[in-house]
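A short worksheet on the structure shown next.
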Amino acid sequence: MIDREEIEAGLTQGHNGRLGIRYMSHGGGWAELAIDPDACFASGRDAALWASGPVASLMDVTTSCAVWAIKGSISHQATLDLRIDYVRPANLLQPIFGRGECYRIAGDVAFVRGVAHQGDIANPVASVAGTFMLFDAVAS
Amino acid sequence: MKSSPYADWLHISVDQINGRHVVQMNPGDHVRGRPGFLHGGAITALLDIAAIAAVQVALGEENPVIAELVNASVDFFRGGKMELSYARGNVLRLGRRIANVEAVAWQEDLARPIAMARMNFRLLDRPR
């Protein structure tokens, strides 16, 4: 089982680190992360709303962590595709929470889905589905 | 062309060159994903900004309508290296309420893109 420190170590670098993405919790095959408000993350059309980009980044790394969680270790992988439905605008006064789940690994492809919300998962900001290519998968 | 705080934070610029808009993203730690490569979320944002620019050009700069992203479907073809990245949007259909747009991102060679996206935007009247 991957532990919290391993996940947090992966969040300190690069884009994830600059966004300030933080660990919330994880379990077998799922992970929860969060991103806190900053004026730099505002939408171009309305400064009171989150831009769509940070939501995409949060869900990309959250679902990636879910793959680590199901594998039990940090793995080398790259996003193959990511689909995001932006269900409602997000208020920049509040953080965005992402919950990601890896529900299947088939060979070298990991299948993920997730939800972004602002405290009420029944009222989501965004819904995502995607796949990752695993670089260190063993051919079955 | 009007920028957004997040585009500025990503070091993404939108310029007009020879009548075409050119969107580019400067590499740096702020957009790094796994070591040596761009973060998928940063590439997605680059494509999003290029798509919006294409919609704004199609609508005309004087048009008060603004575009709100409804959904995005992004395919990643190859890892984005830590180099200058470019993106361009193309409006497939411009309706009264919806704009359907595709966007492509590349680095050294447009013929070898790093990612492509399709994005659908809801067109809203600006508040007066």
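Key figures for this structure:
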read-out: Qualifying GluC sites (Glu not before Pro) for the stretch B:1-100 [loop in DSSP, other Cβ within 10 Å: at most 10]; value: B:Glu61, B:Glu62
read-out: Relative contact order computed over chain A (Cα-Cα under 8 Å; 6+ residues apart), in percent; value: 24
read-out: Length added when fully stretched, A:Asp36-A:Gln13, from 0.36 nm per residue minus Cα-Cα; value: 6.6 nm
read-out: Nearest-0.05 FRET efficiency for B:Glu61 and A:Arg88, computed from C-beta distance (R0 25 Å); value: 0.30
read-out: Cα→Cβ-extended label distance, 7 Å offset, between A:Met1 and A:Ala122, nm; value: 2.9
read-out: Candidates A:Ile121, A:Ile21, A:Ile84, ranked by Gaussian network fluctuation over chain A, Cα under 10 Å, top entry; value: A:Ile121
read-out: Whole-Å semi-axes of the ellipsoid equivalent to the stretch A:1-49 (Cα gyration tensor, √5λ, descending); value: 27, 12, 7
read-out: Neighbour cut-off at most 11 other Cβ (10 Å), DSSP loop, chymotrypsin sites (Phe, Trp or Tyr not before Pro), the stretch B:1-56; value: none
read-out: Where labels lie 7 Å past Cα in the beta-carbon direction, separation of B:Phe77 and B:Asn18 in nm; value: 2.1
read-out: Degrees separating the helix B:40-59 axis from the principal Cα axis of chain B, which is the longest one; value: 30
read-out: Computed over the stretch B:1-85: relative contact order in percent, which uses C-alpha pairs under 8 Å that are six or more apart; value: 32
read-out: Whole-percent pair-distance distribution, where bins are 10 Å wide, for the alpha carbons of chain A; value: 13, 45, 32, 9, 1
read-out: Nearest 10 degrees, 0 to 90: helix A:52-71 Cα axis against chain A principal axis; value: 30
read-out: For the protein assembly as shown: rounded, prolate or oblate by the Cα gyration tensor [a/c cutoff 1.5]; value: prolate
read-out: Rg/Rg_globular for chain B, with Rg_globular taken as 2.2 N^0.38 Å and Rg from C-alpha atoms; value: 1.02
read-out: Gyration tensor verdict on the stretch B:49-105 (Cα atoms; rounded if a/c is under 1.5, prolate if a/b is larger than b/c, oblate otherwise); value: prolate
read-out: Residues whose placed amide H lies under 5 Å from that of A:Val109, excluding near-sequence neighbours; value: A:Leu134
read-out: Given charges at beta-carbon only (K, R positive; D, E negative), |dipole| of the protein assembly as shown in Debye; value: 660
read-out: Convex hull projection area averaged over all views, the stretch B:1-54, Cα basis, nm²; value: 3.7
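Read-outs: derived from the displayed coordinates by stated rules, not from any lab. Because the structure is predicted, anything quoted here is derived from the model rather than measured. No Cβ is skipped: glycine too gets one built from the backbone with ideal geometry, and neighbour counts run over all protein chains shown.
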